[in-house]
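Visitor: Below you will find the structure I want to go over with you.
The values are calculated or read from the model by the stated rules, or taken from the named source; none is laboratory data. All of these numbers come straight from a predicted model, not from anything done at the bench. Here the Cβ is made from the backbone with ideal geometry for all residues, glycine too, and neighbour counts use every protein chain on show. Just so you know, the surface numbers come from the protein's heavy atoms only, side chains and all, with ligands and any DNA or RNA stripped out. Shrake-Rupley method; radii C 1.70, N 1.55, O 1.52, S 1.80 Å.
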Amino acid sequence: MFRCRVDSAGGNFNHRELRLRLIFWMLFVPAFLFAQEDDSDWKNDRFWLTIQANFIRQQQPSYHAMYSGPNSLSADKEHATSRVETLYTGFRITENLEFLFDLESAGGGGLGNALGVAGAPNLDVVRNPSLSQDPYVGRVMLHYTLPLSTEMVEAARNPLGLASKVPRRRLEFRLGKLSTVDFFDLNSVGSDSHLQFMNWSTVNNGAFDYAADTRGYTYGLLIEYYDKGWALRYGEFLMPTVANGITLDWNIVRAGGQNLEYEVRPELVKGRQTVFRGLAFLNRANMGSYNEAVGNYLSGKDVTPDIILSRRQGRVKYGFGLNAEQELTSILRVFGRLGWNNATTESYAYTEIDHTGEFGADLRGKLWKRPDDKIGAAFVINGIGREHAEYLALGGLGFLLGDGGLRYGTEDIFETYYTAHLWRGISIAGDFQHIANPGYNQDRGPAQVSSIRIHFEDGFTSFHKKE
């Protein structure tokens, strides 16, 4: 059996052995568990094979800007098109064990190469346009459910969970490559950028600096406990070696992202769904300090404020989030988010937001005889801490922001969309975003972004035995 060890003399963590051990378990554990199979109905829902394609065309007119810097959103008239295609596959090895594998390709680009706005207008855009557009593995994981009760409840099958019925009380384990926000900070009104909102800070809690590489994926272990009316989940994931980096740090002794979320579903309105989620995260990585970067510049040690020069291995960034959704009628829902993180530590893995607040709603088109259509609207206020703002004002650059100066103001975003279902898995959507003070700079903006999105999904999601 593979062993992961730490050399007590030098503290040298053998992360190559950790990687080999992870691969070993993902490849061979399913073979050991095949003997658990029986002839129950679960075999009817054994397979999943679907493909999704998302195409977004965005444009903005020119807007007022007193000055621009290396990481500014272009003030000129601009347009950009992005694409994401994903092949989702899954196989139920036993009633309680699944193997999930997704292949993905992303290309095109975003307005201003996704620079200059903390709440960037297109979540599909890769944050490093120089990355290859060749297909890559998006997710590959084992998913095991440990039943803790005999009572079964209906479940919506999807690419991350193939069972149509699950134990009401259960433990779920996931090991492999995934996206942290596949499971944390979810919201049924505002989490799906392919059918709902598009903005980074509308779809996710902007202050949640979740563990991820440049494409938004990481490796790790997720444990979830579900009971009647509530759930608890914990995840330990790999952090990138540098801010917004594509390479992950496999040395879990010195770096990693820990996430804890409590979810409760009280019945505040009879017959209507209510969900509250409380989130906490703590990241350890080679991160910089805005205080140190500013101090080194003001003392003359550094020619310009440079967060990279202040980086120290093992520095901590932590934060909290609240997430709520309420079904008001059969066609109307509201939602909201609050988020905060310690602003003195460098924004590292998601975006440059230290605190955020969001409120929105969606409405199904039943009123105008289009029940599969949906309209939504949301308002977001993003901000950064004093140290972060001072760093940018003195000319410092983050991995997304840096106008060369800053007259600080909150970044206020209004977004609305309409998604029209055309046929089967094909839909088309129009989206509009008004972004005041892009990059928190009152000397720039507002920027206005119009979008058209075409979404396609289809495939096979079950296999039924012939009678």
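Visitor: Can you give me the number of residues within the range 265-296 that are over 20 Å from the mean Cα position of the chain (by Cα) and open to solvent by 70 Å² or more (accessible area, probe 1.4 Å)?
Guide: 8
Visitor: Filtering the range 249-264 down to residues that are assigned to a strand (DSSP E or B) and of a type outside the set (Ser, Thr, Tyr), which residue is most open to solvent (accessible area, probe 1.4 Å)?
Guide: This residue is Leu260.
Visitor: Name the residues in the range 175-195 that are touching a residue at least 12 places away in the same chain (Cβ under 8 Å), of a type outside the set (Ser, Thr, Tyr) and open to solvent by 10 Å² or more (accessible area, probe 1.4 Å), would you?
Guide: Leu175, Lys177, Val181, Asp182, Phe183, Leu186, His194, Leu195
Visitor: For the range 105-140, what are the residues that are among the polar types (S, T, N, Q), over 16 Å from His434 (Cα atoms) and under 18 Å from the mean Cα position of the chain (by Cα)?
Guide: Answer for the range 105-140, where residues must be among the polar types (S, T, N, Q), over 16 Å from His434 (Cα atoms) and under 18 Å from the mean Cα position of the chain (by Cα): Ser105, Asn128.
Visitor: Right, next: Assuming Gly206 fulfils every condition listed in (1) surrounded by fewer than 16 Cβ atoms within 10 Å (Cβ to Cβ); (2) part of a loop (DSSP other than H, G, I, E, B) apart from one, which condition is it?
Guide: (1)
Visitor: Would you confirm whether any residue within the range 154-169 is more than 23 Å from Thr89 (Cβ to Cβ) and touching a Phe, Trp or Tyr at 6+ places or on another chain (Cβ under 6 Å)?
Guide: So far as the range 154-169 goes, no, none of its residues is more than 23 Å from Thr89 (Cβ to Cβ) and touching a Phe, Trp or Tyr at 6+ places or on another chain (Cβ under 6 Å).
Visitor: Separate question: Which of the residues belonging to the range 297-316 are surrounded by fewer than 17 Cβ atoms within 10 Å (Cβ to Cβ) and part of a strand (DSSP E or B)?
Guide: Once the filter is applied, which keeps residues that are surrounded by fewer than 17 Cβ atoms within 10 Å (Cβ to Cβ) and part of a strand (DSSP E or B), the range 297-316 yields Arg312, Gln313, Gly314, Val316.
Visitor: Can you work out which of the residues in the range 239-248 that are open to solvent by 10 Å² or more (accessible area, probe 1.4 Å) and not hydroxyl-bearing (Ser, Thr, Tyr) is nearest to Arg215 (Cα to Cα)?
Guide: Ile246
Visitor: I need a count of the residues in the range 385-432 that are polar (S, T, N, Q) and at pLDDT below 95.
Guide: 0
Visitor: Restricting to the range 59-71, what's the tally of residues that are surrounded by 18 or more Cβ atoms within 10 Å (Cβ to Cβ) and closer than 11 Å to Ala447 by Cβ?
Guide: 2
Visitor: To continue, here is another question. Only residues in the range 407-435 that are closer than 16 Å to Ala361 by Cα count as the first member; pair them with residues that are open to solvent by 10 Å² or more (accessible area, probe 1.4 Å) and part of a loop (DSSP other than H, G, I, E, B), Cβ under 6 angstrom, at least 6 apart or cross-chain, and list the lot.
Guide: Correct list of pairs: Thr419/Leu195; Gln433/Pro121.
Visitor: Still on this structure, please answer the following. Can you tell me which residue is farthest from Phe432 (Cα to Cα) among those in the range 209-235 that are among the acidic types (Asp, Glu) and buried (at least 18 other Cβ atoms within 10 Å of the Cβ)?
Guide: Applying the filter and picking the extreme gives Glu224.
Visitor: Could you tell me how many of the residues in the range 136-164 are at pLDDT 95 or above and basic (Lys, Arg)?
Guide: 1
Visitor: For the range 332-344, which residues satisfy the criterion of being open to solvent by 20 Å² or more (accessible area, probe 1.4 Å) and touching a Gly at 6+ places or on another chain (Cβ under 8 Å)?
Guide: Those that are open to solvent by 20 Å² or more (accessible area, probe 1.4 Å) and touching a Gly at 6+ places or on another chain (Cβ under 8 Å): Val334, Leu338, Trp340, Thr344.
Visitor: Report, by residue number, each residue of the range 211-245 that is more than 15 Å from the chain's Cα centre (by Cα) and part of a loop (DSSP other than H, G, I, E, B).
Guide: Lys228, Gly229, Thr241, Val242, Ala243, Gly245 - these are the residues of the range 211-245 that are more than 15 Å from the chain's Cα centre (by Cα) and part of a loop (DSSP other than H, G, I, E, B).
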